[in-house]
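Asks: The structure that follows is given in the form of structure tokens.
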Amino acid sequence: MIRFFAAPITAMALLLAGAADASAAGMIDFTGTSSTGYLGGGSSPIPRTTVMYNGNYAPGTIVVNTAERRLYLVLQDGQALRYGIGVGRDGFRWGGVHKITAKKEWPEWTPPSQMIARRPDLPRHMKGGIENPLGARAMYLGSTLYRIHGSNEPETIGQAVSSGCFRMTNDDVTDLYGRVGVGTTVVVLNN
């Protein structure tokens with residue numbers, strides 16, 4: 001009888017040990033609270049997490065706090081999902097209230113003329129894909145030039161390096177993308 005149970009127990013132990021190794025390598029996310037990098041762009045230096053949130057915003061609202069370099073998706077019961085983000089560098093941070101007007105998976109990128117003027121070395125157009133600086137998903141903010149988008153540079157999360165857009169890891173932006181729709185209110189606090 002012991003032999004009958006020993007083989008399945010041993011197999012389960014080996015399976016769990018392998019899963020733990022894969023999780024430690026960033027390949028499996030059992031908790032749903034950290035970025036694993038499965039869409040390219042690596043893991044986030046600032047894991048997403050559920051936090052208590054006492055802002056005065058309706059559930060479903062996105063609140064970007066540029067000073068904290070965090071994005072909050074307001075939930076029910078005084079909670080929010082908090083994500084690490086990259087924000088605009090000095091001279092490129094902004095504030096205001098907009099709506100998500102479009103969502104795109106693996107978006108193409110056409111740098112605006114203002115960016116080309118600063119960086120003439122940039123490509124004039126880039127197809128969507130893992131090398132594209134907009135990453136796996138993009139959510140367009142009103143009539144602005146700005147987006148909440150993924151990034152193939154996870155090391156920039158928590159930094160002020162963009163031209164005004166809000167960068168997230170590809171895993172985090174894919175998670176947020178699945179939770180919000182066109183018409184979602186985005187409040188950008190530039191303290």
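Asks: What's the carbon and sulfur percent of the stretch 55-108's accessible surface, probe 1.4 angstrom, rounded to a whole number?
Replies: 43 percent
Asks: I've got another one for you. Rounding to the nearest 20 debye, state how big the charge dipole of the stretch 85-148 is about its Cα centre with +1 on each Lys and Arg Cβ and -1 on each Asp and Glu Cβ.
Replies: 140 debye
Asks: Given 88, 143, 120, which one lies farthest toward the positive end of the charge dipole of the stretch 81-147, if we put +1 on the Cβ of every Lys and Arg and -1 on the Cβ of every Asp and Glu?
Replies: 143
Asks: How about residue 104: which aspartates and glutamates have a C-alpha closer than 17 Å to its C-alpha, ignoring those fewer than 8 places off in the same chain?
Replies: 131, 171, 172, 175
Asks: Next question. Identify all aspartates and glutamates with a Cα-Cα distance to residue 127 below 17 Å; exclude those on the same chain that are fewer than 8 residues away in sequence.
Replies: The reachable aspartates and glutamates, counting only those whose Cα sits under 17 Å from residue 127, are 105, 108.
The values are calculated or read from the model by the stated rules, or taken from the named source; none is laboratory data. Quick caveat: nothing in here was measured; it's all calculated off a predicted structure. Ideal geometry is used to build each Cβ from the backbone, glycine not excepted, and the neighbour counts take in all protein chains shown. Keep in mind that these areas ignore ligands, DNA and RNA; they rest on the heavy atoms of the full protein, side chains included. Shrake-Rupley method; radii C 1.70, N 1.55, O 1.52, S 1.80 Å.
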